[in-house]
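Working notes, structure below.
The values are calculated or read from the model by the stated rules, or taken from the named source; none is laboratory data. The shown structure was predicted, so the numbers you read here are calculated from the model rather than taken from an experiment. Cβ coordinates were reconstructed from backbone atoms using ideal geometry, including for glycine residues, and neighbour counts include every protein chain displayed. Accessible surface areas use protein heavy atoms only, side chains included; no ligands, DNA or RNA. Shrake-Rupley method; radii C 1.70, N 1.55, O 1.52, S 1.80 Å.
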Amino acid sequence: MENPSSNSTDPQTPFDPNSNFNPKTPSKTNNNNNNLIPGFNSYHPSPSRSIYSDRFIPSRTSSNFELFGLPLSPNSSNTEDSNNGYTSLLRTALFGPDSANVVNPATPEKGVRGNGRNLKRPNCNIFRYKTETRQRLDSLLPFEFDDQIRGVSTSPVKVPRKVPKSPYKVLDAPALQDDFYLNLVDWSSQNVLAVGLGSSVYLWHASNGKVVKLCDLENDDNVTSVGWAQRGTHLAVGTSNGKVQLWDASHCKMTRTMEGHRLRVGALSWSSSQLSSGSRDKSILQRDIRAQEDYVSKLSGHKSEVCGLKWSPNSRELASGGNDNRLFVWNNHSTQPILKYCEHTAAVKAIAWSPHLHGLLASGGGTADRCIRFWNTTTNTHLSCMDTGSQVCNLVWSKNTNELVSTHGYSQNQIILWRYPTMTKIATLTGHTYRVLYLAISPDGQMIVTGAGDETLRFWNVFPSPKSQNTESEIGASSFGRTQIR
């Protein structure tokens, strides 16, 4: 037999390299010669004529004919030894010296060979499988590479993020009320924290730790909610007598008082120059601080106190939660809710819009509900529900990653960091001895502050920093330890 790359010439007649080779004239066959394989004729050219063939004759020198009961060619033993030697060298170069003695699964052992027709194992399969051996990709290369080259092709294992279990700062907050329906803590875009303590409002500057008393309410009035405008220059203060005061924080000066509610104002939310206020009188008032009127429209729909309010990131939708266990979604063009969700079985105070996915809304229920639910307001669908095991007081999304934090009351008083959408727990933080009723996030999106009825404010480092910013924040430069906010 011949290799596929050689010409089809007579084995007894050497090939003349000077002879003309014309592929257009077919060769003559000689049927009297002995056949290499019974039933197949061999082609023998005439010494005076060249071979002309359009056939490709493969090389069968490495074929194992005895598996099929066929006679072997005279030179098969020499060719087999040569192929086995080459195969052994190639296997050693690819798989190492320990693989030189491995038997090819498709080749029978030497003891199996008989007279060419009868095998000792008549039921032996032609093909056999062997167990796969997993090896590094660089170990299959026939050359040695140093560790630096290997390091380029291997990716390091991602280490899970470690969240500190203890707050990096604690502030004493005397007279911080233990009331589920109030919202007394908010963090501005100018890195200033506003806290309502009794009848007073205090400002804590996170950059230098300075504390400023903004105001004192008169006539036995108490602070029931605080909310920063988006620019961080003005603060809205809701009171127990149903009024909303607007303060210039830089000058500690009240610029306006707006009325309209008959009972306490427990929820505030800003959208550019528009301020929404929710009250115990079951109504929501839309106020334009540029207009002279106290409010421009009134939203009615809740059957009990409104305790949660949040505008969407695009300022097109307003979500409200109430003590009637209802979650409503409103727009700027109607005084009736466009979406109504009634799945919660307790008061809905915790409301948060996702900054990453348009129309994704999260809400949390009170003691009898204990669930965090997710809604797609663009398709009006309920996405999922997670039973947290305790009262859900607040929710806030990370600005940098697809994670969110929930604070809880009865019965565990914990803070949980979740990864969305799997809702796997990244960390559980404890330290408060009362319900964690208040929550705000820092302007850089890395820190949160929590407040509870134990009259403390605790600062936690829970979210990663954005890739465009340094890991050290301006807040982290403040002093550690425990101090007072007033």
Of the residues in the range 171-213, those that are of a type in the set (Val, Ile, Thr), open to solvent by 20 Å² or more (accessible area, probe 1.4 Å) and touching a residue at least 60 places away in the same chain (Cβ under 8 Å) come to Val211
Name the residues in the range 280-306 that are in contact (Cβ under 8 Å) with a residue 40 or more places away in the chain and assigned to a strand (DSSP E or B), would you?
-> Ile284, Arg287, Val306
Considering only the range 235-249, how many residues are free of Cβ contacts under 8 Å to residues at least 40 places away in the same chain and open to solvent by 10 Å² or more (accessible area, probe 1.4 Å)?
-> 5
For the range 370-390, how many residues are open to solvent by less than 10 Å² (accessible area, probe 1.4 Å) and of a type outside the set (Val, Ile, Thr)?
-> 3
Taking the range 307-360 and keeping only residues that are loosely packed, with under 15 Cβ neighbours inside 10 Å and part of a strand (DSSP E or B), one is left with Asn331, Lys340
Considering only residues of the range 280-296 that are open to solvent by 30 Å² or more (accessible area, probe 1.4 Å) and β-branched (Val, Ile, Thr), which is farthest from Gly322 (Cα to Cα)?
-> Ile289
Can you tell which of Ser300, Ser273 is surrounded by fewer than 20 Cβ atoms within 10 Å (Cβ to Cβ) and farther than 27 Å from Asn376 by Cβ?
-> Ser273
Considering only residues of the range 457-486 that are touching a Leu at 6+ places or on another chain (Cβ under 7 Å), not in a loop (DSSP other than H, G, I, E, B) and not aliphatic (A, V, I, L, M), which is modelled with the lowest pLDDT?
-> Thr483
Taking the range 261-288 and keeping residues farther than 20 Å from Asn183 by Cα and modelled with pLDDT of 95 or more leaves Asp288
Out of the residues in the range 419-442 that are within 19 Å of Arg373 (Cα to Cα) and of a type outside the set (Val, Ile, Thr), which is most open to solvent (accessible area, probe 1.4 Å)?
-> Lys425
